[in-house]
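The next block holds one structure in the form of structure tokens; read it before the comments.
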Amino acid sequence: MNKTNMILQNNLARVEEEIQASCDRVDKPRQSVTMIAVTKTVSSEIAEQLLELGITKFGESRPQELWKKKEALSSKDIHWHMIGHLQTNKIDKTMPLVELIHSVDRLRLINALESFGQSQGLTIQALLEVNASREANKHGFTPEELPSLIDQFNDLQHVSIQGLMTMAAFEEDIEKCRPTFQLLRQLRDDLQSSFSEQHSLTELSMGMSNDYPIAIEEGATWIRIGSALFEGLIG
Ligand SMILES: *Cc1c(COP(=O)(O)O)cnc(C)c1O
């Protein structure tokens, strides 16, 4: 076994242990949360080694990087997730490659996804990104504007909104991330019944390397983990 493989295996075991402990603290089954390995800082070769360790859901925040890795690993059975800002002119090339887009951060994008879905005769699976930490440098809908947009979401026929996504601010004391995750869950609980049947709103994509234990406690169904998996291999 090579060194990279050993480091990956150790990192993965540590993260897995932490996920299990978080689930245990709130009496949730381990299967209630799925990890996406965010491979944006590593090569396709390292991503491939992670795949060999049994991880099959990968996320990328930049379309060009997603295209590149998808091509390099085209023979592999990987489920790709788009987790970053997507320009509308990159929809055609990106969406056919991904299982779920977590980062629908504006109406213009969702309308463009609707058109694309219509032209292709398919339904796009999406999460709405919410700027629940209210940081000026973050993308996403504000918690306040979402309720007023529900009629527009319910008019969509080729986009299915499966839930909400957010990114907490970085905090040394990760307890300080909890209100952000609570806000996202509360928003989902408040809005769920107003959405039409096409939109399940069952998913909460929240939690990254720094804060996933808290996100899991607050109901995350997807966590997006990068640096914790690749510690010792990058930088
Ligand atoms: C990079 C990134 C992650 C992973 O962040 P880490 O702190 O490396 O775990 C998760 N979500 C999004 C949207 C990202 O861009």
Heads up, the range 1-108 by the C-alpha gyration tensor (a ≥ b ≥ c square roots of eigenvalues; a/c under 1.5 rounded, else a/b over b/c prolate, else oblate) looks oblate
Could you go through the range 67-81 in sequence order and give the Karplus-derived ³J(HN,Hα) for each residue, using 6.51 cos²θ - 1.76 cosθ + 1.60 with θ = phi - 60°, rounded to whole Hz, and x for Gly and Pro?
4, 4, 5, 4, 5, 5, 10, 4, 7, 8, 8, 10, 9, 8, 10
Rounding to the nearest 20 debye, state how big the charge dipole of the range 111-235 is about its Cα centre with +1 on each Lys and Arg Cβ and -1 on each Asp and Glu Cβ.
200
To one decimal place, what orientation-averaged projected area in nm² is obtained for the convex hull of the Cα set of the chain?
13.0
The answer for Ile36, listing residues at least 5 apart or on another chain whose modeled amide H is closer than 5 Å to its amide H, is Ile223, Arg224, Ile225
³J(HN,Hα) computed for each position of the range 8-14 - Karplus, 6.51 cos²θ - 1.76 cosθ + 1.60, integer Hz, glycine/proline x:
4, 4, 5, 4, 4, 5, 5
Counting only protein heavy atoms and a 1.4 Å probe, tell me what percentage of the range 3-84's accessible area is made up of carbon and sulfur.
47
Using amide H atoms built 1.01 Å from N in the peptide plane, name the residues 5+ places from Phe141, or on other chains, whose amide H lies under 5 Å from its own.
Glu129, Val130, Asn131
What is the sum of charges around Gly163, taking Lys and Arg as +1, Asp and Glu as -1, for the other residues whose C-beta is under 12 Å from the C-beta of Gly163?
-1
Sort 199-205, 33-39, 83-89 for me by packing, meaning the mean count of neighbouring Cβ atoms within 10 Å per residue, highest on top.
33-39, 199-205, 83-89
Summing -39500 (n - 2.57) over the DSSP H runs of n ≥ 4 in the chain and dividing by its residue number, what mean residue ellipticity at 222 nm do you reach, to the nearest 500 deg cm²/dmol?
-11000 deg cm²/dmol
May I ask you to give the percent of accessible area on the range 112-177 that is carbon plus sulfur, with a probe radius of 1.4 Å?
45
For Ile124, enumerate residues with amide H under 5 Å from its amide H, sequence gap 5+ or separate chain, H modeled in the peptide plane.
Val159, Ser160
Taking 25 Å as R0, compute the FRET efficiency from the Cβ-Cβ separation of Asp92 and Ala72 and round it to 0.05.
0.75
What number comes out for accessible area per residue over the chain if the probe is 1.4 Å? Units Å², please.
47
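The values are calculated or read from the model by the stated rules, or taken from the named source; none is laboratory data. Keep in mind that this is a model prediction, so the values were computed, not measured. Neighbour counts are summed over all protein chains in view; Cβ atoms, including those assigned to glycine, are modelled from backbone coordinates with ideal geometry. Keep in mind that these areas ignore ligands, DNA and RNA; they rest on the heavy atoms of the full protein, side chains included. Shrake-Rupley method; radii C 1.70, N 1.55, O 1.52, S 1.80 Å.
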